[in-house]
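Chemist: Could you have a look at this structure, given as C-alpha cells, before my questions?
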Amino acid sequence: MRFPDGFLWGSATSAHQVEGGNTNNDWWDFEQHPASAARWSSGDGIDHFHRYAEDFALLAGMGHTAHRLSLEWSRIEPAPGEFSRAAVAHYRRVLTAVADTGMTAFVTLHHFTLPRWLSGRGGWLAPDAISRFTRYCSLVTEQLGDLMPFICTINEPQMIALHGYLEGYHPPGITNPALWRRVGAILLDAHLAAVTAIRAAGGTRIGLAVQLPLLAGEGSLPALMRHEIVDRYLDGLTGVDGGDWLGVQYYRRQWVDAASPFHFAPPPPGVPVTQMGWAVHPDGLREMLHRAAGTGLPLYVTENGIATEDDTERITYLRAHVAATAQAIAEGADVRGYLHWSAFDNFEWSEGYRPKFGLIAVGDDFTRRPKPSAHAFTDIIRQGARR
C-alpha cells in the first residue's frame, strides 16, 4: 500500500461524545426525555474535558499525525449572542495542546449538537438558523483560527436530516419526509454560508464532512435516497465555493426497501455486520471515494470504523479499509489522509455506551487502555509512511 508524501494519519472524536457535562444542548435534553430513542445519558463522557492533554499525548505517541475534534457550540454561545470567554479560552488550551504534540487539527464547528436556545426556537428550521450559525463560525474563526489548520463546518449534514427528521432517531425526534428534505437543503445552504463567513474572518482550508454509505438497490426509491444522502451534497459543492477539501465518512453498505417506513432494510442473512447492524463492505469505501472525487476537491477520510467487542475484528476491518483507501489513490483519487473513528470508546448518541468503536478502551475510572488495534494502527501508519 502506497500513500502520498504528507499523508495524514489519525483518529477522531467529537465534543459531546467525549467531554462530559454538555448539559446546555439539544442532545442532553433528548437523552433525558423518557420517550426519546436515546438509551441513556452522555453524563461525564470519558472526561476528555479535563484529560485532553494526556489524551492527545497518548495519540501522538502512537504515531498519529492528525486528530479530528469538535467545538461545543453550546459552551461557546450559551445564550443568543452571549459568547463565553471562558469557553473560548478552554478551547484555545485544547487546540494548543493538539499543536504541541505535532498533530494537525481538523476542527469541526458543528458535530450534531445545537445550543438549547436555538433548538427551542426550531433548530435548523428556525428562520435565522443559518445567520446564527455563521455568526458563531465567524466568532470562532476570529478567536481561534490561528489554531485551526483545517476547519470543518458541519459533520454529516445528511445524517442530521435523516436521523432527526425522517427516522426520529436523533433530536428533534421528528418523522416527516417533507421536513427531512427541507432540512437537508438548509444544511447545505448553511455550509455554503459558513464557508463565506469563515473566509471573511480569515479562516483557511475549509471543508465539509459527509457520510457516504454505499446504497444498494435499483428504482425510484434508491434514486431518491441517493439524491438526499449523497448527490445533494456532492453535486451542491460543484461550481460554487464549497470549500477547500471534503471529508468522506464511510461505514457500511446499506439496502433500500420501499416497504420500510424509513426506507432502509437490514442486510441480507449471512452478510457480516457490526454491533450497529451495519453491513461490512470495505470496497464501498473505494467506490465512495471515487464518487466524492467528482467534486474536484482534495479528499480526507475523516471517519471510518467498526463497532465491535472483538478487537481482532477491528484490526481486520481497519486493514481492509486502509487497503481500499490505498487502492482508490492508486486509481487516481486525490486522498490525503485517513482518520479512524474513533480514538476512544465513547458515547454513541442514541446507542449510548454499548457500541465499542474505539482504538482505546476507557475504564469506569477513566483509565485509558490502548487495544491491540491501536498498536496495529501504529504499524499501518509506519508502513504507510515508508516510500
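Chemist: Residues ALA307, ALA328: which one is more than 28 Å from TYR169 (Cβ to Cβ), in contact (Cβ under 8 Å) with a residue 24 or more places away in the chain and either of a type in the set (Phe, Trp, Tyr) or surrounded by 16 or more Cβ atoms within 10 Å (Cβ to Cβ) (or both)?
Modeler: Among ALA307, ALA328, only ALA328 is more than 28 Å from TYR169 (Cβ to Cβ), in contact (Cβ under 8 Å) with a residue 24 or more places away in the chain and either of a type in the set (Phe, Trp, Tyr) or surrounded by 16 or more Cβ atoms within 10 Å (Cβ to Cβ) (or both).
Chemist: Continuing with this model, one more query. Of all residues in region 227-247, how many are aliphatic (A, V, I, L, M), touching a residue at least 60 places away in the same chain (Cβ under 8 Å) and either closer than 30 Å to ARG314 by Cα or out of contact with any helix residue (DSSP H, G or I) (no Cβ under 9 Å at 6 or more places or on another chain) (or both)? Working first, answer last.
Modeler: We begin by selecting, within region 227-247, every residue aliphatic (A, V, I, L, M); these are 229-230, 234, 237, 240, 246.
After this cut, where a residue has to be touching a residue at least 60 places away in the same chain (Cβ under 8 Å) as well, the list is 229-230, 234, 237.
Then drop every residue that is not either closer than 30 Å to ARG314 by Cα or out of contact with any helix residue (DSSP H, G or I) (no Cβ under 9 Å at 6 or more places or on another chain) (or both), which leaves 229-230, 234.
So the count comes out to 3.
Chemist: For region 232-272, give me the residue count where each residue is surrounded by 15 or more Cβ atoms within 10 Å (Cβ to Cβ) and closer than 27 Å to LEU299 by Cα.
Modeler: Counting residues in region 232-272 that are surrounded by 15 or more Cβ atoms within 10 Å (Cβ to Cβ) and closer than 27 Å to LEU299 by Cα gives 20.
Chemist: Kindly evaluate GLY337 against the criterion of being more than 16 Å from GLY45 (Cβ to Cβ) and surrounded by 22 or more Cβ atoms within 10 Å (Cβ to Cβ). Don't jump to the end; show me each part of the working.
Modeler: On the way: more than 16 Å from GLY45 (Cβ to Cβ): yes; surrounded by 22 or more Cβ atoms within 10 Å (Cβ to Cβ): yes.
Considered against the rule, which asks whether it is more than 16 Å from GLY45 (Cβ to Cβ) and surrounded by 22 or more Cβ atoms within 10 Å (Cβ to Cβ), GLY337 comes out as yes.
Chemist: Right, something else. Identify, by number, the condition in (1) more than 18 Å from VAL107 (Cβ to Cβ); (2) in a loop (DSSP other than H, G, I, E, B) that ILE229 doesn't meet.
Modeler: ILE229 satisfies all of (1) more than 18 Å from VAL107 (Cβ to Cβ); (2) in a loop (DSSP other than H, G, I, E, B) except (2).
Every residue, every condition in (1) among the polar types (S, T, N, Q); (2) touching a Ser or Thr at 6+ places or on another chain (Cβ under 9 Å), yes or no:
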| residue | (1), (2) |
| --- | --- |
| GLU77 | no, yes |
| VAL98 | no, yes |
| PRO127 | no, no |
| CYS137 | no, yes |
| PRO149 | no, yes |
| GLN158 | yes, no |
| VAL183 | no, no |
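Chemist: Right, another one. From (1) of a type in the set (Gly, Ala, Ser); (2) within 20 Å of HIS16 (Cα to Cα); (3) in contact (Cβ under 8 Å) with a residue 12 or more places away in the chain; (4) out of contact with any Phe, Trp or Tyr (no Cβ under 8 Å at 6 or more places or on another chain), pick out the condition that doesn't hold for SER84.
Modeler: Of (1) of a type in the set (Gly, Ala, Ser); (2) within 20 Å of HIS16 (Cα to Cα); (3) in contact (Cβ under 8 Å) with a residue 12 or more places away in the chain; (4) out of contact with any Phe, Trp or Tyr (no Cβ under 8 Å at 6 or more places or on another chain), only one is false for SER84: (3).
Chemist: Follow-up question, since we're still on this one. So, restricting to strands (runs of 3 or more DSSP E) that lie completely within region 246-358, which ones have at least 1 residues that are over 17 Å from ARG226 (Cα atoms) and modelled with pLDDT of 95 or more?
Modeler: Result: 299-303, 335-340.
Chemist: Being of a type in the set (S, T, N, Q), in contact with a Lys or Arg (Cβ under 9 Å, 6 or more places away or on another chain) and surrounded by fewer than 22 Cβ atoms within 10 Å (Cβ to Cβ) is true for just one of SER373, SER350. Which residue is that?
Modeler: Answer to the selection: SER350.
Chemist: Test of understanding: among ASP100, ASP146, which residue is farther than 20 Å from VAL18 by Cβ, surrounded by fewer than 23 Cβ atoms within 10 Å (Cβ to Cβ), without any contact (Cβ under 8 Å) to a residue 60 or more places away in the chain and acidic (Asp, Glu)?
Modeler: ASP146
Chemist: For region 23-39, give me the residue count where each residue is over 12 Å from GLY173 (Cα atoms) and either among the acidic types (Asp, Glu) or touching a Lys or Arg at 6+ places or on another chain (Cβ under 9 Å) (or both).
Modeler: Here the count works out to 5.
Chemist: Next up: Against the condition part of a helix (DSSP H, G or I), of a type in the set (Ser, Thr, Tyr), touching a residue at least 60 places away in the same chain (Cβ under 8 Å) and in contact with a His (Cβ under 8 Å, 6 or more places away or on another chain), how does SER373 come out, does it pass?
Modeler: Spelling it out, it is not the case that SER373 is part of a helix (DSSP H, G or I), of a type in the set (Ser, Thr, Tyr), touching a residue at least 60 places away in the same chain (Cβ under 8 Å) and in contact with a His (Cβ under 8 Å, 6 or more places away or on another chain).
Chemist: Is it the case, given these coordinates, that VAL230 is at pLDDT 95 or above and within 27 Å of PHE347 (Cα to Cα)? Spell out the reasoning first.
Modeler: Values: at pLDDT 95 or above: yes; within 27 Å of PHE347 (Cα to Cα): yes.
Taking the combined requirement at face value, the residue satisfies it.
Chemist: Looking at ARG291, ARG286, ARG368 in this structure, which one is surrounded by 15 or more Cβ atoms within 10 Å (Cβ to Cβ), touching a strand residue (DSSP E or B) at 6+ places or on another chain (Cβ under 6 Å) and of a type in the set (Lys, Arg)? Walk me through how you get there before you give the answer.
Modeler: Values: ARG291 fails: touching a strand residue (DSSP E or B) at 6+ places or on another chain (Cβ under 6 Å); ARG286 fails: touching a strand residue (DSSP E or B) at 6+ places or on another chain (Cβ under 6 Å).
After ruling out the rest, the residue left standing is ARG368.
Chemist: Pull up region 210-244, narrow it to residues that are out of contact with any strand residue (DSSP E or B) (no Cβ under 8 Å at 6 or more places or on another chain) and charged (D, E, K, R), then point me to the one that is farthest from ILE151 (Cα to Cα).
Modeler: Here the residue is GLU218.
Chemist: Just one of (1) farther than 30 Å from HIS64 by Cβ; (2) of a type in the set (S, T, N, Q); (3) in contact with a helix residue (DSSP H, G or I) (Cβ under 7 Å, 6 or more places away or on another chain) trips up THR153, so point out which.
Modeler: Tallying (1) farther than 30 Å from HIS64 by Cβ; (2) of a type in the set (S, T, N, Q); (3) in contact with a helix residue (DSSP H, G or I) (Cβ under 7 Å, 6 or more places away or on another chain), THR153 fails exactly one: (1).
Chemist: Then there is this: Return only the number of the condition from (1) more than 20 Å from the chain's Cα centre (by Cα); (2) assigned to a helix (DSSP H, G or I) that TRP124 does not satisfy.
Modeler: That leaves (1) as the condition not met.
Rundown of residues vs (1) in contact with a Phe, Trp or Tyr (Cβ under 8 Å, 6 or more places away or on another chain); (2) part of a helix (DSSP H, G or I); (3) touching a residue at least 60 places away in the same chain (Cβ under 8 Å), yes/no style:
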residue: SER138; (1), (2), (3): no, yes, yes
residue: ILE154; (1), (2), (3): no, no, no
residue: TYR165; (1), (2), (3): yes, yes, no
residue: THR175; (1), (2), (3): yes, no, yes
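The values are calculated or read from the model by the stated rules, or taken from the named source; none is laboratory data. This one's a predicted model, so the numbers in the text were calculated from it and none came from an experiment. Virtual Cβ from ideal backbone geometry, glycine too; neighbours counted across all protein chains shown.
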